[in-house]
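To keep things clear, I will list the structure first and then write my remarks on it.
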Amino acid sequence: MKVTIKDIARECGVSTSAVSLVLNGRDTRISEETQQKIIGTARKYNYRPNRLAVSLLKKETSTFGVIIPDISNIFFAEFCKGCETAARGNGYTLMIMSSDEFPPDSMKHINTFLDSQVDGIIYVAPSNIDNRSIHEICSKIAAADIPFVAVDRALDFPSAKSVLVDNIHGGYIATRHLIKLGHERIGCLTGPLCNKISRDRLEGYRMALEEHNLPFDRNLVLEGNFSVDSGRQSLPHMQKQRATALFCFNDMMALGVYRALQDSGLRFPDEMSLVGYDDIFVTSLLETPLTTVNQPAYEIGSTSIRILLALVQGSTDIDSMVFTPVLKIRSSTRPLRH
Ligand code: RIB
């Protein structure tokens, strides 16, 4: 039988409110001896507070909902780790759901969060979602009056605070690095182009080419979907287009290209340089460590929770946040040999 506060009070000969005050560490005039007796009895019976009862009393669940687009993408695992550590440090538990890049699941997850009375929501939208669905989702959260933070993928919704990364700069520094190594035919494997992240990274790619008087060749741009498979499948196209370097808009696709390069007979990285995006930890462990654009996934996660906490506590003067990505140069990029 689960021990309750009443049982402890009875055994110690005190009131239930005295037990509650002591176990919650509140200031109390109860004698030290009685306090120790209450704590000792709670320990003896492995007493755990009833979260449901506490939630009802406090009218909050101390739970945040987090939606990510793909739980198998290491970038989002690192992001969740940052969220989880920051949430736990502040007494919150997370419910984490993945939409598996399937937009209708976002709404299902939002409904689950609302039914579970979460105190706040962190939303990373699927990469292939349209603006109308985004608007429906944001309106639903706003109507429930629950604070929320949009992460990674900017949402065009007035009340959404966001934590983003400067993707134009990311696309620019990756491409400029390859140009500086002498590459002129630089393949570009994007994410879904309905998504602003991909369009911004592509804009950065285009800017770097323009700055160095290189033509923008449509044939060198291939639309991927952020999966390992779309990376793997892109290589024949890039070879056909005589690309000497390939810039992938995330590391999962770069890992797919990496695998395909090993099977292709091409001398990698001598005949094909490769750049990824995200800097997930495995990229530095590869036999040929990957040059990649670093986005601080863990810090993005913890910052998102801090902003959400501030919103929950009623702050009104919170700014959205934009991180600046940096290039990590490793061994997968080489000067072009003619
Ligand atoms: O790896 C997934 C990609 O999608 C990342 O680059 C991140 O920015 C997200 O949008």
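The values are calculated or read from the model by the stated rules, or taken from the named source; none is laboratory data. These numbers come from a predicted model, not from an experiment. We place every Cβ from the backbone using ideal geometry, glycine too, and count neighbours over all the protein chains shown. Surface accessibility is based on the protein's heavy atoms, side chains included, excluding ligands, DNA and RNA. Shrake-Rupley method; radii C 1.70, N 1.55, O 1.52, S 1.80 Å.
Every listed requirement among (1) at pLDDT 95 or above; (2) surrounded by 17 or more Cβ atoms within 10 Å (Cβ to Cβ); (3) not in a loop (DSSP other than H, G, I, E, B) is met by Phe226 save one, (3).
I'd like to check something: does region 305-314 contain any residue that is open to solvent by 10 Å² or more (accessible area, probe 1.4 Å) and touching a Leu at 6+ places or on another chain (Cβ under 9 Å)? The answer is no; no qualifying residue exists.
Residue under question is Tyr205, and the condition is that it be touching a residue at least 24 places away in the same chain (Cβ under 8 Å), buried (at least 18 other Cβ atoms within 10 Å of the Cβ), of a type in the set (Phe, Trp, Tyr) and under 21 Å from Thr324 (Cβ atoms); does it hold? Yes. Scanning region 72-93 turns up at least one residue that is assigned to a loop (DSSP other than H, G, I, E, B) and within 16 Å of the ligand (Cβ to nearest atom).
Being among the hydrophobic types (A, V, I, L, M, F, W, C) and either touching a helix residue (DSSP H, G or I) at 6+ places or on another chain (Cβ under 9 Å) or within 16 Å of the ligand (Cβ to nearest atom) (or both) is a property that does not hold for Val312. Here region 130-154 is the region considered, the condition is being without any contact (Cβ under 8 Å) to a residue 40 or more places away in the chain and within 16 Å of the ligand (Cβ to nearest atom), and the residue that is nearest to the chain's Cα centre (by Cα) is Ala150. If only residues of region 170-192 that are within 13 Å of the ligand (Cβ to nearest atom) and not in a strand (DSSP E or B) are counted, the one that is farthest from Ser106 (Cα to Cα) is Ala174. Within region 256-276, the set of residues being out of contact with any helix residue (DSSP H, G or I) (no Cβ under 7 Å at 6 or more places or on another chain), closer than 14 Å to Ser234 by Cα and in contact (Cβ under 8 Å) with a residue 12 or more places away in the chain comprises just one member, Tyr258.
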